[in-house]
1. Taking LYS207 as the residue in question, decide whether it is in a helix (DSSP H, G or I), under 22 Å from VAL3 (Cβ atoms) and basic (Lys, Arg).
2. Within the set of pairs 6+ apart or on separate chains, which have a first residue in the range 199-215 that is open to solvent by 80 Å² or more (accessible area, probe 1.4 Å), a second that is in a loop (DSSP other than H, G, I, E, B) and of a type outside the set (A, V, I, L, M, F, W, C), and C-beta atoms under 7 Å apart?
3. Cβ-Cβ distance below 9 Å, separation of 6 or more or different chains: which pairs start in the range 100-111 with a residue that is farther than 15 Å from VAL53 by Cβ and among the β-branched types (Val, Ile, Thr) and end on one that is in a strand (DSSP E or B) and more than 14 Å from the ligand (Cβ to nearest atom)?
4. Could you check SER121 against (1) in contact (Cβ under 8 Å) with a residue 12 or more places away in the chain; (2) over 20 Å from ILE38 (Cβ atoms); (3) of a type in the set (Ser, Thr, Tyr) and say which number it fails?
5. Criterion first (among the aliphatic types (A, V, I, L, M) and under 25 Å from ILE230 (Cβ atoms)) does LEU67 satisfy it?
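The values are calculated or read from the model by the stated rules, or taken from the named source; none is laboratory data. On a predicted model such as this, the values are computed, not experimentally measured, just so you know. Note: ideal-geometry Cβ built from the backbone for every residue, glycine included; neighbour counts use all protein chains shown. Areas reflect the complete protein model, heavy atoms only, side chains present, ligands, DNA and RNA absent. Shrake-Rupley method; radii C 1.70, N 1.55, O 1.52, S 1.80 Å.
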Amino acid sequence: MLVDIHNHVLPGLDDGPATEIEAIRLIENAVQNGVTHIVATPHHRNGVFIQNVDEIKYSIRILNEFLQLKEIPITICPGMEIHLHGELIDELADQALTLGDSHKYVLIEFPTHHIPQFTDSIFYELQLKGYIPIIAHAEKNAEFLREPKKLFDLVQRGALVQITAGSVTGSNGKNLQRFVMKLCQSHIVHFIASDAHNISQRPFLIKQAYRVIQQKMGKQFVDYLQLNAIHVVEGKEFQTLLPKTLKG
Ligand SMILES: [Fe+2]
């Protein structure tokens, strides 16, 4: 079982594939990467896209039926990549989706350039209500990049961190590759996910990313990351590695 917890494979819902045919090609790319379960996470409230829960579930049902019919060995599960905003918690009641519809794990996208002041209070309240926030592609936020201690502090207070496969492989530049490796060494990375959007520019890259992690961090760390993603889709809580002080 190999789970990808962040990607944009549903057709016509966001800046992922525009058509069903493109979506199937992208999903076949996931299969080639060894992925068996995709948590589809269309952008929600990012200033461009607002999703509808029923529409996402309907799209997934149609896709899964097609995949089964064609004997393509992969399952799509519901989710969302929710941009950090003030009504996030209220929306989780019926207008926003947790990962795998687990009512537990919430994939949260930060603005590109800064960490909003209300982050701490929203994360605190989320956890009081039994949710666990996962910071989507944490390496892509300029303030975390400049001051990784702020990411470390959020992890210390119970947040989880997802980094992008393309940042691990070097496809997003040497600088981000160095940064994500530093985060891995500090044990403040909990998931690698594809954030795949399309075949040409932003494919899955998961297989290659795990290979790089295995070379630099060892197989045990790869197993840990992969098991964490399985727990998410199953809605189970799990023990994380203790963060180590950030170097450099
Ligand atoms: Fe994304």
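1. Details: in a helix (DSSP H, G or I): yes; under 22 Å from VAL3 (Cβ atoms): yes; basic (Lys, Arg): yes.
Yes, satisfied.
2. ARG202/ASP195; LYS207/ASN33; LYS207/GLY34
3. Close Cβ pairs satisfying both conditions: ILE108/PRO133.
4. Condition (1) is where SER121 drops out.
5. Details: among the aliphatic types (A, V, I, L, M): yes; under 25 Å from ILE230 (Cβ atoms): yes.
Spelling it out, LEU67 is indeed among the aliphatic types (A, V, I, L, M) and under 25 Å from ILE230 (Cβ atoms).
Residues checked against (1) touching a strand residue (DSSP E or B) at 6+ places or on another chain (Cβ under 8 Å); (2) closer than 18 Å to PRO42 by Cβ; (3) not hydroxyl-bearing (Ser, Thr, Tyr):
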position	(1), (2), (3)
HIS85	no, yes, yes
ILE89	no, no, yes
THR98	yes, yes, no
THR119	no, no, no
PHE123	yes, no, yes
